[in-house]
Amino acid sequence: MLTLQSISKDFGELTAVDDVSVEIESGELVTLVGPSGSGKSTVLNMIAGHLEPSAGSIMINGTDVTPLSPQNRPTSMVFQSWALFPHMTVRENIEFPIEANGEDVDGRVEELLRQVQLDPSEYAEKNADELSGGEQQRVALARAIAYDPEILLLDEPLGSLDYVLQQELRRELSDLNEELDMTFVYVTHSLESALIISDRIFVLDQSRLVQAGTPREIYQEPKNRFIAEFMGDANVFPIDATLQSGEAVQRADADVDDLVIADGREEEASYLIVRYDRATVAPDLERDMGVEGTVFKKLMKGNTVLVEVVGEETEEQYFAEVDYAEAERLDRGDSVYVQWNEADTVAVPE
Ligand code: ADP
Ligand code: MG
């Protein structure tokens, strides 16, 4: 188990990480996600021992590793830019950590290459600088695993790859995590990546941990407005404005107060979050609540269609994700309601 106990990091006046506490079980694949500058890399570097916390401590399996140098921690790190030795062969690049561990290299390079989906007979004797970006990342991953760490730290490792390759390697990382039974701490600013591969997600914003949970919890129950918006694909309504100014209307027999109270955080709730895929669009108000407007655009989104509606009063944009059949009944300029049910809303504080 990896435990971060109230760790902070100051760089002069700037607090890069502010009182972050986290517990990660052995074998978990967790993601630190947050916008650029939120402190993700700083947390990772403190776990690796490249940075010393200004306060707090880091425990691995009950041992305080805070005073230990990186070499003396059971961690290994993979960076966005690959620090392979360009003029050495793939084999030489990977042998280095195996020998540093005092292990027998025979057969181990081959095994590691297979684990990262590279055919040893094709790749082992190539120079690192002959490899494509994706292949270099696979070798860097093999080298990090060669240290046989308990915890693999990955700092935006797919950041420089094209989209298709990112998806492929993301999938492989997730498989590898299961196969090796190694803890992975993965850093990304891409929520999509985090949602797809993680057992649990830790959301950082402005140096602080703002929410921890499973992908499903984070996606469906964002704790504040920032997370809801960061997750994307959500309509965000200020509750006071929405309920009192008439921006949103309720169906005659729906109880709007319940909308807010249902979530149990009514005293602090400032915004109502309605995910695009929980909303729909129709000429009549059939669900509990809705916003009146005009169909502006239909955007194809694979299996579904994203309908953009411009608010009657507010001229704001609202979105609902509907299936093709529903979308076909709608035309630009139609008067409609973007609408949703009470059960499909989440009330969040500022
Ligand atoms: P992220 O990885 O989430 O993009 P970082 O952890 O790299 O964020 O940085 C968090 C904050 O700390 C940023 O404001 C960054 O400029 C600052 N920072 C990071 N490393 C240093 C450093 N070595 N010296 C001074 N400031 C730093
Ligand atoms: Mg970073």
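The values are calculated or read from the model by the stated rules, or taken from the named source; none is laboratory data. Since the model is a prediction, treat every value here as computed from it, not as a measurement. All Cβ positions, even for glycine, are placed from backbone atoms using ideal geometry, and neighbour counts span all protein chains on display.
Within region 152-175, restricting attention to residues that are under 23 Å from Gly62 (Cα atoms) and touching a helix residue (DSSP H, G or I) at 6+ places or on another chain (Cβ under 7 Å), which residue is farthest from ligand 1 (Cβ to nearest atom)? Explain how you work it out, then say what you get.
Taking region 152-175 and keeping what is under 23 Å from Gly62 (Cα atoms), we get 152-154.
Narrowing the set further to residues that are touching a helix residue (DSSP H, G or I) at 6+ places or on another chain (Cβ under 7 Å) leaves 152-153.
On the way: Leu152: 17, Leu153: 12 Å.
Selected residue: Leu152.
Considering only region 140-150, I want to know if a residue exists there that is in the same structural domain as Ser198 (by TED's automatic domain parsing), at positive phi and either touching a strand residue (DSSP E or B) at 6+ places or on another chain (Cβ under 6 Å) or small (Gly, Ala, Ser) (or both). Even if it seems obvious, please write down each step before you answer.
Residues of region 140-150 that are in the same structural domain as Ser198 (by TED's automatic domain parsing), as a first pass: 140-150.
Then drop every residue that is not at positive phi, which leaves 148.
Right, trim to either touching a strand residue (DSSP E or B) at 6+ places or on another chain (Cβ under 6 Å) or small (Gly, Ala, Ser) (or both) and you get none.
No - not one qualifying residue is present in region 140-150.
Could you check how many residues of region 36-53 are more than 17 Å from Ala212 (Cβ to Cβ) and either within 12 Å of ligand 1 (Cβ to nearest atom) or of a type in the set (A, V, I, L, M, F, W, C) (or both)?
Within region 36-53, residues that are more than 17 Å from Ala212 (Cβ to Cβ) and either within 12 Å of ligand 1 (Cβ to nearest atom) or of a type in the set (A, V, I, L, M, F, W, C) (or both) number 10.
Filter region 1-11 down to residues that are within 19 Å of Asp199 (Cα to Cα) and either without any contact (Cβ under 8 Å) to a residue 60 or more places away in the chain or part of a loop (DSSP other than H, G, I, E, B) (or both), then give me how many there are. Even if it seems obvious, please write down each step before you answer.
Our first condition is that a residue be within 19 Å of Asp199 (Cα to Cα); within region 1-11, this holds for 1-4.
Checking which are either without any contact (Cβ under 8 Å) to a residue 60 or more places away in the chain or part of a loop (DSSP other than H, G, I, E, B) (or both) leaves us with 1, 3-4.
Going through region 1-11 one residue at a time, the tally reaches 3.
Do you know which residues across region 6-28 are of a type in the set (Ser, Thr, Tyr), over 16 Å from Ser57 (Cβ atoms) and touching a Leu at 6+ places or on another chain (Cβ under 9 Å)? Spell out how you get there, then give the answer.
From region 6-28, those of a type in the set (Ser, Thr, Tyr) are 6, 8, 15, 21, 26; that's our starting set.
This time we only want the ones that are over 16 Å from Ser57 (Cβ atoms), so: 15, 26.
Across region 6-28, the qualifying residue is only Ser26.
From the list Leu32, Leu2, exactly one residue is within 16 Å of ligand 2 (Cβ to nearest atom) and not hydroxyl-bearing (Ser, Thr, Tyr). Which is it?
Leu32
Please specify each residue of region 90-132 satisfying the condition of being surrounded by 15 or more Cβ atoms within 10 Å (Cβ to Cβ) and small (Gly, Ala, Ser).
Ala124, Ala128
Restricting to region 107-138, count the residues that are among the charged types (D, E, K, R) and outside any helix (DSSP H, G or I).
The total comes to 3.
For region 12-106, which strands (runs of 3 or more DSSP E) that fit wholly inside it have 2 or more residues that are modelled with pLDDT under 95 and in the same structural domain as Glu130 (by TED's automatic domain parsing)? Please lay out each step first, then the result.
Values: elements: 14-24, 29-33, 55-60, 75-78.
Passing ranges, in order: 75-78.
Being surrounded by fewer than 23 Cβ atoms within 10 Å (Cβ to Cβ) and within 16 Å of ligand 2 (Cβ to nearest atom) is the filter; apply it to region 189-201 and report the residue that is nearest to Tyr219 (Cα to Cα).
Leu191
Identify all residues within region 199-233 that are hydroxyl-bearing (Ser, Thr, Tyr), modelled with pLDDT of 95 or more and more than 14 Å from ligand 1 (Cβ to nearest atom); write none if there are none. Lay out the reasoning, then the answer.
Restricting attention to region 199-233, the residues satisfying the condition of being hydroxyl-bearing (Ser, Thr, Tyr) are 207, 214, 219.
Then keep just the ones that are modelled with pLDDT of 95 or more; that gives 207, 214.
Hit for region 199-233 is Thr214, nothing else.
Kindly list the number of the only condition in (1) modelled with pLDDT under 95; (2) in contact with a Leu (Cβ under 7 Å, 6 or more places away or on another chain) that fails for Thr183.
(1)
Are there any pairs, at least 6 apart or on different chains, whose C-beta atoms fall under 6 Å, with the first in region 173-197 and in a loop (DSSP other than H, G, I, E, B) and the second away from ligand 1 (no atom under 13 Å from the Cβ), and if so, which?
Matching pairs, first to second residue: Asp181/Gly27; Met182/Leu152.
Taking Val20 and the conditions (1) in contact with a strand residue (DSSP E or B) (Cβ under 7 Å, 6 or more places away or on another chain); (2) among the β-branched types (Val, Ile, Thr); (3) loosely packed, with under 15 Cβ neighbours inside 10 Å, which numbered condition does it fall short on, given that it satisfies the others?
(3)
Going by what's in this entry, would Glu25 be described as closer than 16 Å to Phe202 by Cα and either more than 12 Å from ligand 1 (Cβ to nearest atom) or surrounded by 15 or more Cβ atoms within 10 Å (Cβ to Cβ) (or both)?
yes
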